[in-house]
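Below is one structure, written out as structure tokens, with a few remarks after it.
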Amino acid sequence: MTVNLLNYDLDGLAAFCEQLGEKRFRATQLFRWIHQKGASGFDQMTDLAKSLREKLPASACIEGLKVVSRHDSADGTVKWLFDVGAGDVIETVFIPESDRGTLCISSQAGCAVGCRFCSTGHQGFSRNLTTAEIIAQLWFAEHSLRQQFKQEDRVISNVVMMGMGEPLQNYSQLLPALRIMLDDHGYGLSRRRVTVSTSGVVPMMDRLAQDCPVALAVSLHAPSDDLRSNLVPLNKKYPIAELLEACARYQQSAPRDFITFEYCMLDGVNDQPEHARQLLALMQKHAGEGLSCKFNLIPFNPFPASGLTRSGMPQVMAFAKILMDAGLVTTVRKTRGDDIDAACGQLAGDVQDRTGARERMASQRQGMLGGIKVVVDKGIHT
């Protein structure tokens with residue numbers, strides 16, 4: 001049985017080489033060939049001993065993902081669909097900017113969290129991706145884009161774990177992938193330029209802070225537990241106060257001096273001035289615990305099953321002004337790739353749902369929307 005070497009961080013690859021009777025420096029050579037040079041065959045690795053090159057194919061392979069399709073946006077964004085087997089297809093998005101190239105990577109086939117405004121959540125959940133399947137997205141994108149742009153320098157400078165899935169619910173496979181991204185013999189990315197986005201899996205946030213602290217983005221989306229539980233069901237398990245306490249703990253190890261809070265702007269749901277003032281009160285309360293934050297307001301990208309609509313830009317800017325006037329760093333995310341369904345919240349490859357999410361969320365939709373209106377009305381008139 002052969003093993004896919006994309007599954008291994010450098011320590012894992014060294015242990016594999018040791019089983020073959022090889023020294024650690026051979027693992028470092030292999031690691032560089034795979035991740036820095038994009039090699040997919042051992043015969044390409046000219047500085048490896050011939051005996052090792054002949055030995056490796058019997059026990060190992062370097063196997064990426066099959067590309068189902070590629071879509072190019074008018075703004076330069078690229079979206080790939082990858083086949084991960086058994087009827088599951090995942091999505092990966094490259095976003096070019098003048099000063100960086102960002103790759104948005106998936107961690108699961110589908111997502112079990114079921115956020116109301118996320119197309120992936122409405123598709124349900126099939127399975128966790130392996131480390132190889134996570135890192136293969138970066139491996140393929142980096143080296144195919146180098147060929148496309150005819151350059152030897154690194155194309156991807158930033159990685160965000162913001163694709164399909166909740167990364168911290170696939171922690172055992174995520175951790176080696178992060179270490180590969182950060183390793184100087186691999187992709188050499190800065191901890192500040194690798195971001196894990198979470199809907200708030202508190203125990204795993206604490207583990208990440210100890211094991212591999214990278215930049216953290218937290219999907220907040222509401223200032224109160226009632227409203228957030230409607231939008232982000234995980235809030236029922238880890239409510240806002242518990243989540244913000246975990247953020248303050250994480251910040252002690254984080255490579256940046258702030259935690260990013262993502263806030264999807266939903267018309268008439270969470271975008272009222274009172275919601276902004278409630279957010280301010282929350283942040284002021286937890287500032288004493290050492291929490292420093294940045295808000296990223298995200299224009300909602302509608303899809304029919306959600307029953308939700310995007311806040312108007314005047315409403316978004318008025319909301320942002322309240323936060324900024326109080327001294328909170330606030331940005332409005334520029335929508336990229338929406339013409340190819342590659343924007344935030346739109347990623348939905350094709351998964352074999354094992355959770356019944358489509359039917360469950362459809363049946364809850366009317367009740368959920370009614371419940372949200374009650375929460376909003378109550379908040380405005382108190």
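The values are calculated or read from the model by the stated rules, or taken from the named source; none is laboratory data. Just so it is clear, the model here is predicted, and its values are computed rather than measured. With ideal geometry, Cβ positions are generated from the backbone for all residues, glycine too; neighbour counts draw on all protein chains shown.
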I'm checking my understanding of the structure. Among residues of the stretch 37-75 that are acidic (Asp, Glu) and in contact (Cβ under 8 Å) with a residue 60 or more places away in the chain, which one is nearest to residue 189 (Cα to Cα)?
63
Qualifying residue in the stretch 203-217 (condition: in the same structural domain as residue 118 (by TED's automatic domain parsing), in contact with a Gly (Cβ under 9 Å, 6 or more places away or on another chain) and more than 23 Å from residue 324 (Cα to Cα)):
no
The one condition residue 98 fails out of (1) of a type in the set (S, T, N, Q); (2) at pLDDT 95 or above; (3) assigned by TED's automatic domain parsing to the domain that holds residue 182 is (2)
Can you tell me how many residues in the stretch 13-36 are surrounded by fewer than 17 Cβ atoms within 10 Å (Cβ to Cβ), over 14 Å from residue 187 (Cα atoms) and not aromatic (Phe, Trp, Tyr)?
7
Just give me the residues in the stretch 200-257 being touching a Pro at 6+ places or on another chain (Cβ under 9 Å) and of a type in the set (Ser, Thr, Tyr), in sequence order.
229, 238, 250, 253
Flagged in the stretch 171-192 as touching a Ser or Thr at 6+ places or on another chain (Cβ under 6 Å), of a type outside the set (A, V, I, L, M, F, W, C) and crowded, with 20+ Cβ neighbours inside 10 Å, in numbering order, are 176
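Taking the stated definitions as given, is residue 321 assigned to a helix (DSSP H, G or I) and farther than 28 Å from residue 207 by Cα?
Numbers: assigned to a helix (DSSP H, G or I): yes; farther than 28 Å from residue 207 by Cα: yes.
Against the criterion (assigned to a helix (DSSP H, G or I) and farther than 28 Å from residue 207 by Cα), residue 321 qualifies.
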Tally up the residues in the stretch 177-217 that are within 22 Å of residue 125 (Cα to Cα), in contact (Cβ under 8 Å) with a residue 12 or more places away in the chain and assigned to a helix (DSSP H, G or I), please.
4
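Checking the structure you have, find out if any residue of the stretch 85-99 is of a type in the set (Phe, Trp, Tyr), touching a residue at least 24 places away in the same chain (Cβ under 8 Å) and surrounded by 14 or more Cβ atoms within 10 Å (Cβ to Cβ).
The first filter runs over the stretch 85-99 and keeps only residues of a type in the set (Phe, Trp, Tyr), leaving 94.
Okay, now just the ones that are also touching a residue at least 24 places away in the same chain (Cβ under 8 Å), so 94.
Those left that are additionally surrounded by 14 or more Cβ atoms within 10 Å (Cβ to Cβ): 94.
Scanning the stretch 85-99 turns up at least one residue that is of a type in the set (Phe, Trp, Tyr), touching a residue at least 24 places away in the same chain (Cβ under 8 Å) and surrounded by 14 or more Cβ atoms within 10 Å (Cβ to Cβ).
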Condition check: touching a Lys or Arg at 6+ places or on another chain (Cβ under 8 Å) and either farther than 16 Å from residue 66 by Cβ or modelled with pLDDT of 95 or more (or both). Does residue 137 satisfy that?
no
